[in-house]
Amino acid sequence: MQRARGEGRIETQLLDGRTRLHALYQDGAAKIRLPRTHDVSLQAVLINTAGGLCGGDDIRWSASAAPAARLVLTTQACERIYRSTGDHARLTTRLKAGPGARLDWLPQETIIYQGGRLDRRLEVDLAADATFCGVEAIILGREAMGEDARSALLRDRWTIRRDGRTIHAEATRLSANPLERDGPVAARRRPRLRHHSLCPAPTPSESWNRSGSH
């Protein structure tokens with residue numbers, strides 16, 4: 001069976017105080033659209049034209065915010081992870097923010113259907129005074145249809161580095177073990193997993209970041 005493949009890359013530049021497009025690459029099912037706005041930021045919408053992912057599919061995104069630029073990334077729709085009897089679907093995102101830049105990663109939710117398998121990775125590299133804001137959510141099954149996706153498999157990893165030093169790393173794994181889904185922590189999160197991270201530019205007197213998952 002033919003698998004969905006796609007790679008999208010975007011790079012920015014700062015011109016006359018506004019963030020502009022510098023380079024754009026699209027291949028396969030990965031497309032990027034740039035809506036017109038009246039903001040100084042550049043806003044990019046990431047689109048998977050395959051309509052969802054199943055076992056063996058592979059989508060890769062990368063984005064770079066130039067020094068002092070502001071880049072906002074989102075997705076056109078929720079990403080859907082369909083049932084697979086083989087390999088995991090793979091979704092990889094690599095983001096970079098230069099000196100004084102701000103990069104916001106605000107995709108819509110990822111829905112994992114019953115039997116879905118997802119291997120997802122987010123890697124962020126920040127300059128010493130760059131700012132990053134990221135929010136992701138995973139929905140397990142279609143609640144309105146009584147589906148809780150208890151057989152879903154998930155490997156989800158976040159890594160954020162500032163000046164090459166890791167400042168935040170976390171990993172989430174679901175292996176379809178009933179104990180994972182019936183424990184007190186999982187019960188409070190059902191049917192969603194949320195990741196968020198705010199890494200503001202450090203002030204001269206402090207270097208800090210706030211991050212977490214719920």
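So for region 1-107, what percent of the C-alpha to C-alpha distances run longer than 20 Å? If you can, show how the numbers build up before the last one.
On the way: 2268 of 5671 pairs.
In whole percent, the long-distance tail amounts to 40.
Looking at the chain as a GNM with Cα springs under 10 Å, which of GLN114, GLN26, GLN43 has the largest mean-square fluctuation?
The residue that fluctuates most here is GLN26.
Taking the Cα centre of the chain as origin and charging only Cβ (+1 Lys, Arg; -1 Asp, Glu), how large is the dipole, in debye to the nearest 20? Walk me through the numbers on the way to the answer.
Working: 34 positive and 25 negative charges, 40 e Å.
With Lys and Arg at +1 and Asp and Glu at -1, about 200 debye.
Nearest 500 deg cm²/dmol is fine: what mean residue ellipticity at 222 nm does the chain get from its DSSP H runs of n ≥ 4 alone, each adding -39,500 (n - 2.57), divided by its residue count?
-1000 deg cm²/dmol
Of all DSSP beta bridges in region 5-202, what percent run antiparallel (nearest 5)?
Just about 35 percent of them are antiparallel.
Which residue, SER175, SER84, SER62, tops the fluctuation ranking in a GNM of the chain built on C-alpha contacts under 10 Å?
Highest fluctuation of the listed residues: SER175.
Report the one residue of LEU42, SER175, SER62 whose Cα lies farthest in the direction of the positive end of the charge dipole of the chain (charges on C-beta: Lys and Arg +1, Asp and Glu -1; origin at the Cα centre).
Checked the options; the winner is SER175.
Let me see the P(r) profile for the chain: every Cα-Cα distance counted, bins of 5 Å, each bin given as a percent of all pairs.
Each 5 Å bin holds this share of Cα pairs: 1, 7, 15, 18, 18, 16, 12, 8, 4, 1, 0, 0.
Roughly how many Å is it from the Cα centre of region 131-159 to that of region 29-95, as a whole number?
16
What ranking of TYR113, TYR82 emerges when the number of other C-beta atoms within 10 Å of each C-beta is taken as an exposure proxy, fewest first?
On the way: TYR113 21, TYR82 18.
Least to most surrounded, the residues fall as TYR82, TYR113.
Using Cβ contacts closer than 10 Å as the measure, can you line up ARG120, ARG36, ARG90 from fewest to most? Intermediate results must be reported in sequence, preceding the final value.
Values: ARG120 23, ARG36 5, ARG90 19.
With the fewest neighbours first, ARG120, ARG36, ARG90 line up as ARG36, ARG90, ARG120.
Where a number appears in this text, it was derived from the coordinates with a stated rule and is not lab data. Every value quoted in this text rests on a predicted model; they were computed, and no experiment measured them. Reconstructed Cβ throughout: ideal geometry from the backbone, glycine too, with neighbour counts over all protein chains shown.
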